[in-house]
Amino acid sequence: MSISRRRFLGWLGAAGVGTTLGRSAHAAGNTLFTGYPDSLGVLFDVTRCIGCRKCEEACNKVNELPAPPKPFSELAVMERRRRTDAKTYTVVNRYENAPGAKGPLYRKIQCNHCLEPACASACFVRAFAKNSNGAVTYDESVCVGCRYCMIACPFEIPAYEYDKAFTPRIMKCTFCHPRLIKGQLPGCVEICPAEALTFGKRRNLLKIARERIGLFPGRYIDHIYGETEMGGTAWLTISGVPFRDLGMREDLGTTAAPELTKGALSVVPVVASMWPVLLTGVYAISQRRDKIAREEQAAAVATAVAKAQSEAKAKLTEAMAKAEKDKKAAIDKEVKKALEEATRAKAQESAAATAAAPEKKPS
Amino acid sequence: MPERKIVIQKPALTPFNVVAGIIVVVGLVITVIRFTQGLGATTNLSDYNPWGIWIGFDLLVGVALAAGGYVTSAACYIFGLKRFHSAVRPAILTGFLGYALVVLALHYDVGRPWRLPYPFIVQSGTTSLLFEVAACVALYLTVLFIEFTPAALEWLGLKRARSIVTKLTLVLTIFGVVLSTLHQSSLGALFLIAPSKLHPLWYSPYLALYFFVSSIVAGLSMVIFEGSLAHKHFHDKMDAEHLREADGVALGFAKAASWVLAGYFIMKVIGMAQTNAWGYLGSGYGLWFLVEMLGFVLLPCYFYAIGAREKNLKIIRRTAAWTVLGIVVNRFNVGLVAFNYHLPSSERYFPHWMEIGISVFVVTIGILVYRFIVTHMPILYAHPDYDAH
C-alpha cells in the first residue's frame, strides 16, 4: 500500500494537533517556565469596546450554551454587575462615571488563560490542562466536584452547575480550544465589530499593546494588565482608566499560583522523612529514661539490701566475738576463781597441817 | 467488668432520644433532597462562594477537633507519659469517629461523591494541597480504624487478632503523627493559593503552621471537654484506672494547652509582623480579629494556666469548652468570614437551613455511634481479660 500525499498530510496534521492537545502544566516544577513559546492570546482594548454584547452571543452559540432568559440585544442587563456563570462563559459589564472617561466604559470578562493557572495547580485530579496553544481546558470525565479551582482562581472565573444532581460540571471559557485546533478564531474575537479583541501570539500582542500605548500615551494607562498579573495571562487588557475602575483587581501581584503553594508542598517530604526518625528517637529516649530509672531503682534497692545485710552481718560477728570474749572471760574468770580457790584451799590445808604438828609432838 | 453489665433498662423515649430521632429523620429527608435535586436545592453555595459550612465546619472544624487521637496517643506511647494511658482509647475513638464523619460529610459537599477515590486510582494532581489533604485523611482514617480495632476485637473476643494489632501500636502512632502533621497543616495551606480572597489579617505564609499548632490545642481541649461530658453521662462505665487518672489527664492537658496556646499567640504576632498587617487592626475585621486573638487564644491560655496551677478542674473544663469554641471561630473565620472579604455583602454567603441541618445530622450520628460504642466496648474501662498494651 502506497502512502498518498493526501494521507501523509493528514497524518502530519493529526500529529500537529496531537501536540496541542491535553498537555498539563508542570506546576510547581523546578524548571523556569515562562509560558509555552508561540502560545496564543487575545488583547482586549477597553477604549474600543462599545458594549454591544455580540461576543456574548457568539460565545453562547459556538459553545452551545443554553439561551439566556433575555435576548443578547437587550442592553439593560448591563445595569447590574454580572459575572461568568454555569451558562455564560463571557460577560460584558458597563462601568459608568469612571474618572477621566468621557462616557460609559465596557469590560469583557472571561477566563484569562493564565500561563501557570491557579485552577490547574489546585486541581487534585488534574482535570485542568494548560495546552501548548495557550488554552486552559477542563476535563469533566475526572472531575470530582470539589470546587477548589473556584477557590483558587484569582479572577473568579470558573462556575459550577449547582442545579445538576448527577453530572455537575465546572463551566468556563475554553479559549474556543476546539475551534483553535481547526484553525478557527475564538467565537468572541471573530464577531467583534469594533476590533476591541485582537487575536495572535501572546508575544506579538504584547508588542502591539506597547505600540498603541506608545503612539497614544494620553489615551492609555501605561500598563498591560495580564502581562505579569499572577505570573502572566494569555488574555491581555489595555485601558484608558485605572483598571480598578473597571472592577479589576490591582493587588494580585506577579507571583504565579503554583509558587504560592510551593513552600507548603515542599514541607511534605521533610515531615514524612524527619518525623519518623525524630519520633522514634523521642520514643527511644523515653524508653531509655524509663529503663535507666528502673535500673537505678533496682541498683538502689540492691545497695540498700546489701548494706543492710553487711551491717547485720557485722553486728552478728561483733556480737559473736563479744559473746566469745565474754565466754572466754567467764571461763578465765571461773578458772582463775577455781585456781584461786584451789590455792587458798591448799594454803589453808598446809596451815592446818603446820598447826597440828606441834600438838602431836608433846604427846 | 461483669458487674457493669447489669444495667437498669432505661426508657427508650428520653428527651435526648426524641431530639436525636427528629434530627436523624430530618437529616435523612435532606439527604434524599441533596442526592436527587443537587447542591443548588439544598445549599446557598454560589459561583463566588463555592465552599460553605460543609467545608468550613464539617471538614475544617471536624478535622481539627478530631486531633485528640494523635495528640493523646503520641503523649502516651511516644513521649512515654503513661499516666495518660486511660485517655488514649476514648481519644482514638472520637478521632476515628470524627474523621469518619468528615469523610461522610464530604460526600454531601462534592458534586460527584462516587468519584472521591479518583485522585488515587484515576489521575493524581500532586501539585494540589487538596491532594495532600485527601491522601492523608484517607490514610489516617485507616490508621485510626486499626488503632481502634483492639477495643472492638476485645468486645468480640478475638484474642489473636487483637494481639497482632497491639504489636503495631508504636508504628501506627508514629504514622498517625506524620499524617496528622501533614493534613492538619495542609488544611490551612489550602488557602495559600488565594491571597487576593482571604483577608490580610488571616492570610499568612504561616497558615499551615497556624492550623497545625492550633490542632494540637484543639486535640488537647477536646480530650478534656469530652472527658467531662463522659464523666457526666458514662460514669458507671469507667473503671478504677480511668477514674484515678482522669483528673491527672485534665491537669496535664490543661498545662500543655496553656503552653501551646502561648506559643500559638507568639507565632501569630510574628506572622503579623511579617505580613505587616497591623494597619488592618483598626477596621471592623481588625476588631473581630482581636476578639479571636484575645478572647479565644490569650484568655484560654491564661485560664488553663490558672486551672492547672490551682488544680481547679472546674476552670479547666470550662476553658476547654471555650477553646473548642475558639477553634470553631478560627476555622470559620479563615474558611467563611474572612474569605471573600472583598465582595459586596449581597454576594456573601450565609448557610441554607438544610446545610445547617446536615451538619447537625452528622454531629448527631457521631454522638449516637459514640454512645453505642462506649456502652458496648471496653473504651472507658480496660477489658478484664487483657493487659493494658
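The values are calculated or read from the model by the stated rules, or taken from the named source; none is laboratory data. Computed from a predicted structure; not experimentally measured. Backbone-built Cβ (ideal geometry, glycine too); neighbour counts: all protein chains shown. Surface areas here come from the heavy atoms of the whole protein model, side chains and all, with no ligands, DNA or RNA. Shrake-Rupley method; radii C 1.70, N 1.55, O 1.52, S 1.80 Å.
Would you check if there is a residue in segment A:343-362 being out of contact with any helix residue (DSSP H, G or I) (no Cβ under 8 Å at 6 or more places or on another chain) and outside any helix (DSSP H, G or I)? Yes, because at least one residue in segment A:343-362 is out of contact with any helix residue (DSSP H, G or I) (no Cβ under 8 Å at 6 or more places or on another chain) and outside any helix (DSSP H, G or I).
Residues that are under 30 Å from B:T181 (Cβ atoms), assigned to a helix (DSSP H, G or I) and open to solvent by less than 100 Å² (accessible area, probe 1.4 Å) occur at least once in segment A:292-307.
When segment A:128-155 is filtered for residues that are under 17 Å from B:L190 (Cβ atoms) and assigned to a loop (DSSP other than H, G, I, E, B), the ones remaining, listed by number, are A:V144, A:G145, A:C146, A:R147, A:C153, A:P154. Of everything listed in (1) in contact (Cβ under 8 Å) with a residue 60 or more places away in the chain; (2) closer than 23 Å to A:R249 by Cβ; (3) part of a helix (DSSP H, G or I), the single unmet condition for A:M78 is (1). Filtered by the rule that a residue be open to solvent by less than 60 Å² (accessible area, probe 1.4 Å), of a type in the set (G, A, S) and closer than 26 Å to B:A75 by Cβ, segment A:256-291 gives A:A272, A:G281, A:A284, A:S286. Identification of helices (runs of 4 or more DSSP H) wholly contained in segment B:66-134 with 1 or more residues that are more than 13 Å from chain A (Cβ to nearest Cβ) yields B:68-73, B:85-109. Scanning segment A:28-69 for residues that are among the small types (G, A, S) and either at pLDDT 95 or above or in a strand (DSSP E or B) (or both) turns up A:G41, A:A58. Reported count of residues in segment A:82-127, each being in a loop (DSSP other than H, G, I, E, B), buried (at least 18 other Cβ atoms within 10 Å of the Cβ) and without any contact (Cβ under 8 Å) to a residue 60 or more places away in the chain, is 4. When segment A:271-307 is limited to residues that are more than 16 Å from B:L172 (Cα to Cα) and polar (S, T, N, Q), the one that is farthest from the other protein chains (Cβ to nearest Cβ) turns out to be A:T303.
I'd like to know if segment A:171-190 contains one or more residues that are within 14 Å of chain B (Cβ to nearest Cβ) and assigned to a loop (DSSP other than H, G, I, E, B). Yes, segment A:171-190 contains a residue that is within 14 Å of chain B (Cβ to nearest Cβ) and assigned to a loop (DSSP other than H, G, I, E, B). Number of residues in segment A:155-170 that are within 7 Å of chain B (Cβ to nearest Cβ) and open to solvent by 10 Å² or more (accessible area, probe 1.4 Å) equals 5. One residue alone among B:S186, B:S221 is facing chain A (nearest Cβ under 9 Å), polar (S, T, N, Q) and in contact with a helix residue (DSSP H, G or I) (Cβ under 9 Å, 6 or more places away or on another chain), and that residue is B:S186.
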